[in-house]
1. Of all residues in the range 40-72 being in contact (Cβ under 8 Å) with a residue 40 or more places away in the chain and of a type in the set (S, T, N, Q), which is farthest from G373 (Cα to Cα)?
2. Given the options V288, V342, V283, name the one that is surrounded by 15 or more Cβ atoms within 10 Å (Cβ to Cβ), β-branched (V, I, T), more than 14 Å from A362 (Cβ to Cβ) and more than 16 Å from the chain's Cα centre (by Cα).
3. Got a sec? Which of T35, T30 is assigned to a loop (DSSP other than H, G, I, E, B) and of a type outside the set (D, E)?
4. Among the candidates G11, G87, which residue alone is over 21 Å from H325 (Cβ atoms) and either in contact with a Ser or Thr (Cβ under 7 Å, 6 or more places away or on another chain) or modelled with pLDDT of 95 or more (or both)?
5. With the requirement that a residue be touching a residue at least 60 places away in the same chain (Cβ under 8 Å) and closer than 19 Å to Y90 by Cα, what does the range 111-142 give you?
6. Residues in the range 379-403 that are closer than 26 Å to A319 by Cβ and touching a strand residue (DSSP E or B) at 6+ places or on another chain (Cβ under 7 Å): how many?
7. Can you spot a residue in the range 292-299 that is under 22 Å from S36 (Cα atoms) and either crowded, with 16+ Cβ neighbours inside 10 Å or out of contact with any strand residue (DSSP E or B) (no Cβ under 9 Å at 6 or more places or on another chain) (or both)?
8. If you go through the range 156-194 one residue at a time, how many are surrounded by 15 or more Cβ atoms within 10 Å (Cβ to Cβ), part of a strand (DSSP E or B) and either of a type outside the set (A, V, I, L, M, F, W, C) or at pLDDT below 90 (or both)?
Amino acid sequence: MLESNLFQYTGSTLSCDEVNLNELAVTFGTPLFVTSSKSLIQSHRNFEQAFETLPHFTCYSVKANYNLSVIKTFAELGCGCDVNSGGELYRAMQAGVVPERIIFAGVGKKPEEIAYALSSGVLMLKAESLSELKSISRIAGELSLTASVAIRINPDVTAETHPYITTGDSKEKFGIDEAELPEVFALLRQLPHIRLIGLDMHIGSQIFDPEYYVAATTKLLTILNSAQAMGFSIEFLDIGGGFPVTYDPLKPATPIQRFAEKLIPLLLPAGIKVIFEPGRYFVANASVLLTRILYKKRNHTGKEFFVLDAGMTELIRPALYQSHHEIQTVTLHDKTIIADVVGPVCESSDFFARHRLIGDAAEGELLAVMSSGAYAAVMSSNYNGRLRPAEVLVDGSEVKLVRQRETYEQLVQNEQM
């Protein structure tokens with residue numbers, strides 16, 4: 001069982017902070033994302049305390065959860081934002097984040113996105129190829145601007161994580177290979193509308209072993225020394241995010257303090273401001289996906305199924321990454337069964353768990369899919385004509401609807417016959 005101090009059983013009923021999840025389902029319906037405001041604040045505090053002795057700037061990675069109220073929460077705590085598209089930039093600014101505290105990443109920025117970022121006045125764009133550097137310089141010139149950029153370097157460090165979320169391996173699409181750097185630095189001297197202010201890396205997500213960060217950061221520091229020797233004035237060293245969280249109680253995440261103990265002595269002597277980009281670390285365990293059991297069924301082999309009103313359209317991680325999510329009955333049950341917990345979507349991959357020991361809840365009862373704050377709502381879809389769910393933010397006994405449930409009309413509002 002995975003409990004945080006914000007999602008606990010009060011008596012026999014699972015609650016978020018001071019709010020009974022059964023009551024939320026009655027008020028807002030299901031499926032429903034329920035997020036704890038205090039959990040967001042707590043994870044931010046843990047991170048900042050771990051790295052408090054290192055001069056740094058924390059940019060919340062918007063791609064993990066881009067609900068406006070979530071972004072606003074971190075902005076009010078002093079975070080900037082790491083965005084990966086024009087849409088994420090728009091969201092961040094709509095949430096009140098000033099452009100000067102936004103960094104724009106992404107391996108495939110469109111020309112109009114580059115122009116939007118430059119015109120908005122973001123802190124920097126992170127370039128991932130020679131061609132992109134040329135495009136940024138050209139577009140900046142057309143706008144009569146000088147673009148502040150960081151170059152994302154692929155450190156060729158293959159961390160032990162799911163292959164779909166490793167990004168620091170030279171076989172992947174991300175960043176500029178170390179072997180290309182002489183050509184990159186030579187190009188940067190020639191481009192008239194670019195100012196190099198940062199070096200950047202990101203080695204993946206759910207990295208449990210700090211030594212992978214040590215190896216990649218050591219490479220980045222070597223490149224920093226070379227860049228400074230060539231006369232480039234580097235203001236920021238961005239080492240990305242990817243810090244782990246616990247999804248499975250049997251596989252607890254490495255505490256963030258362990259990463260700080262390894263990285264601070266390495267980075268502090270460089271005398272440069274470090275940028276961190278935590279996303280999942282801040283939000284993953286701050287939310288649950290609240291869902292109702294539509295049907296229970298048993299096949300001819302005796303296999304049990306819980307068929308829910310939520311599925312891969314709300315949370316695709318189990319189907320996409322074979323990810324583990326704890327699943328808890330909102331009402332405690334003494335009796336347990338082993339069942340597949342599946343959704344209503346017309347795909348065999350539409351499941352949250354296979355062969356899972358779970359409380360023997362009845363049809364109509366509620367389940368909570370835990371750790372649903374990261375890469376859940378943001379990756380949701382309308383496949384099968386399904387409506388994206390509502391989202392609520394809980395703070396103590398106060399509940400705010402922070403995203404309305406979609407309507408059928410919204411499904412077709414942009415289409416024409």
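The values are calculated or read from the model by the stated rules, or taken from the named source; none is laboratory data. Here the structure is a predicted model, which is why all the values come from computation and not from measurement. Neighbour counts are summed over all protein chains in view; Cβ atoms, including those assigned to glycine, are modelled from backbone coordinates with ideal geometry.
1. The initial filter retains those residues of the range 40-72 that are in contact (Cβ under 8 Å) with a residue 40 or more places away in the chain, namely 40, 43-44, 46-47, 50-51, 53-70.
Still in the list and also of a type in the set (S, T, N, Q): 43, 46, 53, 58, 61, 65, 67, 69.
Numbers: S43: 12, N46: 17, T53: 29, T58: 19, S61: 13, N65: 7, N67: 10, S69: 13 Å.
Result: T53.
2. Numbers: V288 fails: more than 16 Å from the chain's Cα centre (by Cα); V283 fails: more than 16 Å from the chain's Cα centre (by Cα).
On inspection, the qualifying residue turns out to be V342.
3. Numbers: T35 fails: assigned to a loop (DSSP other than H, G, I, E, B).
Answer to the selection: T30.
4. G87 is the lone residue from the list that is over 21 Å from H325 (Cβ atoms) and either in contact with a Ser or Thr (Cβ under 7 Å, 6 or more places away or on another chain) or modelled with pLDDT of 95 or more (or both).
5. M124, K126, listed by residue number.
6. From the range 379-403, those closer than 26 Å to A319 by Cβ are 379-392, 402-403; that's our starting set.
Next, from what is left, pick out any that are touching a strand residue (DSSP E or B) at 6+ places or on another chain (Cβ under 7 Å): 389-392, 402-403.
The qualifying residues number 6.
7. yes
8. Quick first cut of the range 156-194, residues surrounded by 15 or more Cβ atoms within 10 Å (Cβ to Cβ) only: 156-159, 161, 165-169, 172, 174-176, 178, 180-181, 184-185, 187-188, 191, 193-194.
Remaining after also requiring part of a strand (DSSP E or B): 166, 176, 194.
From what's left, either of a type outside the set (A, V, I, L, M, F, W, C) or at pLDDT below 90 (or both): 166, 176.
Total meeting the criteria: 2.
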